[in-house]
1. Just to be sure before I move on: is Glu120 under 21 Å from the mean Cα position of the chain (by Cα) and either at pLDDT 85 or above or open to solvent by less than 90 Å² (accessible area, probe 1.4 Å) (or both) in the structure I sent?
2. Quick check on my filter: what residues within the range 65-107 are free of Cβ contacts under 8 Å to residues at least 40 places away in the same chain and in contact with a helix residue (DSSP H, G or I) (Cβ under 6 Å, 6 or more places away or on another chain)?
3. Quick check on the range 1-24: of everything there that is part of a loop (DSSP other than H, G, I, E, B) and either modelled with pLDDT of 70 or more or in contact with a helix residue (DSSP H, G or I) (Cβ under 9 Å, 6 or more places away or on another chain) (or both), which residue is surrounded by the most Cβ atoms within 10 Å (Cβ to Cβ)?
4. Determine, yes or no, whether Ala129 is among the hydrophobic types (A, V, I, L, M, F, W, C), surrounded by 13 or more Cβ atoms within 10 Å (Cβ to Cβ) and farther than 30 Å from Val13 by Cα.
5. Mind checking which pairs have a first residue in the range 126-144 that is closer than 11 Å to Leu114 by Cβ and a second that is surrounded by 12 or more Cβ atoms within 10 Å (Cβ to Cβ) and not small (Gly, Ala, Ser), Cβ under 6 Å, 6 or more apart or different chains?
6. List pairs: first in the range 28-48 and within 17 Å of Phe7 (Cα to Cα), second of a type outside the set (S, T, N, Q) and outside any helix (DSSP H, G or I), Cβ under 9 Å, 6+ apart or cross-chain?
7. Give the residues of the range 71-113 that are of a type in the set (Val, Ile, Thr) and either open to solvent by 70 Å² or more (accessible area, probe 1.4 Å) or at pLDDT 85 or above (or both), sorted by residue number.
8. Among the numbered criteria (1) more than 15 Å from the chain's Cα centre (by Cα); (2) within 30 Å of Trp128 (Cβ to Cβ); (3) of a type in the set (S, T, N, Q); (4) modelled with pLDDT of 80 or more, which single criterion is violated by Ser68?
Amino acid sequence: MAVGFPFGAALGVLYSVTTISGPPLAILFNNQGLVKNEFRAGLALVRVVESSVTAIVYYNLGLFVAESQGLLAVLVPAAVVGIPLGAFVIRRLDAETFRRICMSFDAWIVGFGLSRVLMELGLLASPWAYSVMAITILIDAYLLYIFFTVQRAAPK
């Protein structure tokens, strides 16, 4: 595949700058005509390589401080348990339902992170900064409510 190296290099730069590489990867794998399981396996493999190389580079640059190294004791077991658990759950759930639940979790995490950043930058005081997270949760809860009520009504 002649596009492999330039695409991979561009994808690496995009991931390192923005941590967003999913849409270009999806387009590449979709254009390769991969079936669902091959698509997932390819995406998972690229994600593991991206994350591993990023972690190695960050470590060599000295970007891991003692506090972040202490998080490894929590993150590694969570990943070791969470990845097989997620694979187990997605086999038993509708893919779209699983996707919605994961996106909800991501939205809550981003809302929390944004709230913390607003406090760190001094833009909002502590109780008010968490209103960003609360608004995110409310919007997400509404969207989940719509999704699950429409989904239940469809088979009838």
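The values are calculated or read from the model by the stated rules, or taken from the named source; none is laboratory data. Here the structure is a predicted model, which means the values were calculated and not measured. Cβ atoms come from the backbone with ideal geometry, glycine included; neighbour counts cover every protein chain shown. Quick note on the areas: whole protein, heavy atoms, side chains included, nothing else; ligands and nucleic acids left out. Shrake-Rupley method; radii C 1.70, N 1.55, O 1.52, S 1.80 Å.
1. no
2. Answer for the range 65-107, where residues must be free of Cβ contacts under 8 Å to residues at least 40 places away in the same chain and in contact with a helix residue (DSSP H, G or I) (Cβ under 6 Å, 6 or more places away or on another chain): Ile90, Phe98, Ala107.
3. Checked the range 1-24; the qualifying residue surrounded by the most Cβ atoms within 10 Å (Cβ to Cβ) is Ser21.
4. The answer is yes for Ala129.
5. Cβ pairs passing all conditions: Ala129/Leu118; Ala129/Met119; Val132/Leu114; Met133/Phe112.
6. Hits for this filter: Leu28/Val3; Gln32/Met1; Gly42/Leu34.
7. Val74, Val76, Val80, Val81, Ile83, Ile101, Ile109, Val110
8. It is condition (4) that Ser68 fails.
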